[in-house]
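**Student:** Here you go, one structure.
The values are calculated or read from the model by the stated rules, or taken from the named source; none is laboratory data. Bear in mind the structure is a predicted one, so any value in this text is a computation, not a measurement. Here the Cβ positions follow ideal geometry from the backbone for every residue, glycine too, while neighbour counts run over all protein chains shown. Heads up: the accessible areas ignore ligands, DNA and RNA and are worked out on the full protein's heavy atoms, side chains in. Shrake-Rupley method; radii C 1.70, N 1.55, O 1.52, S 1.80 Å.
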Amino acid sequence: MNKSGNNSGAGAARFAPPFMIFIRHGQTDWNAEGRMQGQRDIPLNDTGRDQARRNGAALRDYLKEQDIPLQDLSYFVSPLSRAVETMDLIFGELGLPTDLYQRDERLREITFGAWEGYTIPEIAARSPEQAAARKADKWGFVPPEGESYRMLSSRIDAWLATITHPAVVVSHGGVMRVLQGRLLPMPPQEIPTLDIPQDRFLVWKDGEIEWV
């Protein structure tokens, strides 16, 4: 378990829920190939399903250790199928019926627009100037027909402000980067570079982040 303390900066305290567990969806073939996935509805692969089951079992054990009843939590998921299947597999490990979770459009992944389906080297070969602009400012850069991390942050802020009850969330890497940047205030340019694993989950508790 890795912990990262909140330095109590002023940046995002008003967004912080009391307790939250965030799980990234399991791996897809496009993840494995390094393709810009965004809001394309790419399914889990077998590795991703194993990761989801692992996270479900680890979550079950964690909640038992912390004496947190399953019925005391709210459950939210991105509507994209890779997130929904991840939640279904997690619920299988928890022994919960799948009608307990809520799908929320605001939890969709950042969209890369016309770049979705391409790798970074492929984009650099096709559009070197735009690839260089993105590398220089991942926070503010807007891909063709896409969305910047700055734009995504407005969507996630609106969702996060509604979370006042302990929750379990299954969503995406870009969403998690923005969310982590809100919980632990940091320079915006650092947020798009955060590493978000698919075989562990993040716990926000008592003003600290812990990876389990």
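**Student:** Averaging over every viewing direction, what projected area does the convex hull of the Cα atoms of the chain cover, in nm²?
**Tutor:** That works out to 11.0 nm², a quarter of the Cα hull's surface.
**Student:** Next question. Heavy-atom accessible area per residue, the chain, 1.4 Å probe: how many Å²?
**Tutor:** Values: 9830 Å² over 212 residues.
Solvent-accessible surface per residue comes out at 46 Å².
**Student:** Quote to one decimal, in nm, the extra length available between ALA132 and ASP61 on full extension: 0.36 nm per residue of separation minus the C-alpha distance between them. Mind showing how you got there, number by number?
**Tutor:** On the way: separation 71, 0.36 × 71 = 25.56 nm, distance 4.45 nm.
That pair, ALA132 and ASP61, stretches by 21.1 nm at full extension.
**Student:** Report the residue, chosen from SER127, SER74, SER148, that carries the largest GNM mean-square fluctuation when the chain is represented by alpha-carbon nodes joined by springs under 10 Å.
**Tutor:** Among SER127, SER74, SER148, the largest GNM mean-square fluctuation belongs to SER127.
**Student:** Here is a further query. Contour minus end-to-end for MET186 and ARG103, with contour as 0.36 nm per residue of separation and end-to-end as the Cα-Cα distance? Don't jump to the answer; show the numbers that get you there.
**Tutor:** Numbers: separation 83, 0.36 × 83 = 29.88 nm, distance 2.85 nm.
27.0 nm is the gain from fully extending MET186 to ARG103.
**Student:** Just to be sure I understand: if I project the alpha-carbon convex hull of the stretch 77-154 onto a plane and average over all orientations, what area do I get in nm²?
**Tutor:** Working: hull surface 25.4 nm².
For the stretch 77-154, the mean projected area of the Cα convex hull comes to 6.4 nm².
**Student:** Loop only by DSSP, 16 or fewer other Cβ within 10 Å of the Cβ. Give me the trypsin sites (Lys or Arg not before Pro) in the stretch 12-99 that pass, ordered by residue number.
**Tutor:** Values: sites: ARG14, ARG24, ARG35, ARG40, ARG49, ARG53, ARG54, ARG60, LYS64, ARG82; in loops: ARG40.
Passing sites in the stretch 12-99 are ARG40.
**Student:** So, one more: Quickly estimate the mean residue ellipticity at 222 nm for the chain, helices only: each DSSP H run with n ≥ 4 gives -39500 (n - 2.57), and the total goes over all residues, rounded to 500.
**Tutor:** Working: 7 runs with 78 residues, N = 212.
About -11000 deg cm²/dmol.
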